[in-house]
Amino acid sequence: MIPKSLSPLPPYPPSYLSKRVKYIQQVFAREASIVSSQEAADAAEDANELYEEAKEEWSVKMVALKEDGEESEGPPPMPVPPPIPAPVHVPPIPIPPCLPDEEEEEEEKTKKAKEQLSIPEDKLHLVSHLDQTCFHVTNGRYSGLITNNFADPQFVGPNAPGITGLNVSGGTGLATSYVGSSSGGGGGASHSSSYYAGVSGVLTNNGSGGGGGGAAKHNTGSTDPTSKKKSSASKNTSGGTATSTSHELKRIMEQGGSEAERIRTSIIRAAVYASRSGNHGGTFVGANGETYPDVSKAFSMHGNMRPCNRCKSNKQGAYHCRLRRKHELKRIMEQGGSEAERIRTSIIRAAVYASRSGNHGGTFVGANGETYPDVSKAFSMHGNMRPCNRCKSNKQGAYHCRLRRKHKDPDYDGGDSAGVLAPFFEEPLEDLLVTPARGSTGTIAPGAT
């Protein structure tokens, strides 16, 4: 039941309602066919695994037959490969019905018969001097700015978006961007530039990040022409477009001196920020105020960092090893101790959350606060879980068996991984996302980088 004030006037025609019912039935039928297709794929995979096991047993028997010679009872029957399953047809996405033309005309007449509140026409000549790449002028309702780096001359005040706006705990409601919490900002304006930019002149190209404990997200905009001038190391600038080249950066670093050391520090800070925010390869602002391209390449060339022995041949060098692959997770788990156990627990909780939410292979935050890639691989390597006998040859290991296929069989070595994971499947889904504010040992946030 809905209030009469929310019911359509005039009511929908029966022909439209029948089309709507048919559309809903098509949606349910399509979802059922998708489920059938997934179940058929799982059944085919199980049949192939059983066939591979039968082939291995047959090969062992054939070897024994050759060794026994004439004393054997003859060759065993060769296993029959499973039949190729018929493909399950998944219909295309149905198109929702529209109202008939005469019904739309009737609605238009009803609207014209009522007294309407009209919005005055835009006086675009008053804003023709503004940069169209920074201001989004629409017909009618105000849609806000493309970026929070610029103030709106048509809308100013304590609640306005842009530079003149103060920190708030929610969206401004007018800007297209979103202003996060005011923690760490000291009550000042919450711009899209990062906390790291305010400290060392470093900013990635999309400007995502947070100040202190907060976060501020915005849609990427163009760079203000005045921001291309050199500024101090603490100057916040937009890192959208590079204002200098990698050759100029190389020349400065080869000359050495205090400026090169300051830029090297800003490169390292920008690279770590890019790694923690998932914005690999973005532009960054150096300590001299210039915007340079590709922070990952700059880190590998000028960060004075070296990759490990396994990654020494990788083209991305130290960035790939130290900030993308993060081999310290394996090192921590090999050292053992209480920290390794806390991280192992966070890996298991993050993997169960990824399995239940369908976000397989996403990133996760360990109990030490660091963000690591590929929770499924981390679970298989460091979760101390074992697959069943059918899945022991699968490349994805325990994650594929226990959290993707959800097999309840005993481990291939006799353990009970399914029993260990059972309590995590009984917990509410939101309880698997543990935050430090709730008194836990770490933060688990799969797929959020």
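Cβ-to-Cβ counts within 10 Å put His247, His280 in ascending order as His247, His280, the fewest first. Considering only Phe364, Leu403, Cys388, and ranking their Cα positions along the charge dipole of segment 364-404 that arises from unit charges at the beta-carbon of Lys, Arg, Asp and Glu, the one farthest toward the positive end is Cys388. Segment Ser357..Glu341, full-extension length gain: 3.3 nm, with 0.36 nm per residue of separation and the alpha-carbon distance subtracted. Placing +1 on each Lys and Arg Cβ and -1 on each Asp and Glu Cβ, with no other charges, gives segment 328-438 a dipole about its Cα centre of roughly 460 debye.
Just want the ordering: Ile93, Ile332, from fewest to most Cβ atoms lying within 10 Å of their own Cβ. Could you put the intermediate results ahead of the total?
Values: Ile93 9, Ile332 19.
Placing the least packed residue first, the sequence is Ile93, Ile332.
Between Asp68 and Arg276, what's the calculated FRET efficiency when r is the beta-carbon distance and R0 is 56 Å? Round to 0.05. Present the calculation step by step, with values, prior to reporting the outcome.
Values: r = 63 Å, r/R0 = 1.12.
The pair Asp68/Arg276 has a calculated efficiency of 0.35.
Stretched out straight at 0.36 nm per residue, the stretch from Asp416 to Ala40 would grow longer than its current Cα-Cα span by 132.6 nm.
Placing a pseudo-label 7 Å from each Cα along the Cα-to-Cβ vector at Glu430 and Arg20 gives an inter-label distance of 3.1 nm. Listed values for segment 294-305 are Karplus-derived 3J(HN,Hα) couplings in whole Hz (6.51 cos²θ - 1.76 cosθ + 1.60, θ = phi - 60°), namely 6, 5, 5, 5, 5, 5, 5, 8, 10, x, 6, 10, and x replaces Gly and Pro. Remark on Asp416: its backbone amide H falls under 5 Å from those of Asp411, a criterion applied only to residues 5 or more positions apart or on other chains, H modelled at 1.01 Å from N. Applying 1/(1 + (r/R0)^6) with r as the Cβ-Cβ distance of Lys406 and Leu99 and R0 = 56 angstrom yields a FRET efficiency of 0.80. Per-residue Karplus couplings for segment 22-28, computed as 6.51 cos²θ - 1.76 cosθ + 1.60 with θ equal to phi - 60°, are listed in order as 5, 5, 5, 5, 5, 5, 5 Hz, Gly and Pro entered as x.
With the simple model of a label 7 Å out from the Cα in the direction of the Cβ, Lys109 to His247 spans 7.2 nm.
Model label points for Tyr12 and Arg331, set 7 angstrom from Cα along the Cα-to-Cβ axis, are 6.1 nm apart.
Please report, to one decimal in angstroms, the Kirkwood hydrodynamic radius of segment 265-343 built from all distinct Cα-Cα pairs. Here the Kirkwood hydrodynamic radius works out to 13.4 Å.
Using the Cβ of Val88 as centre and a radius below 15 Å, the other residues enclosed give a net charge of -3, where K and R count +1 and D and E count -1.
Suppose we look only past 15 Å in the calculated P(r) of segment 309-399. What percent of the Cα-Cα pairs does that tail hold? Don't skip to the end; give the middle numbers.
On the way: 2517 of 4095 pairs.
For segment 309-399, the share of Cα pairs beyond 15 Å comes to 61 percent.
No value in this document is a laboratory result; all are computed from the given coordinates. No experiment lies behind these values; they were computed from the predicted model shown. Cβ atoms come from the backbone with ideal geometry, glycine included; neighbour counts cover every protein chain shown.
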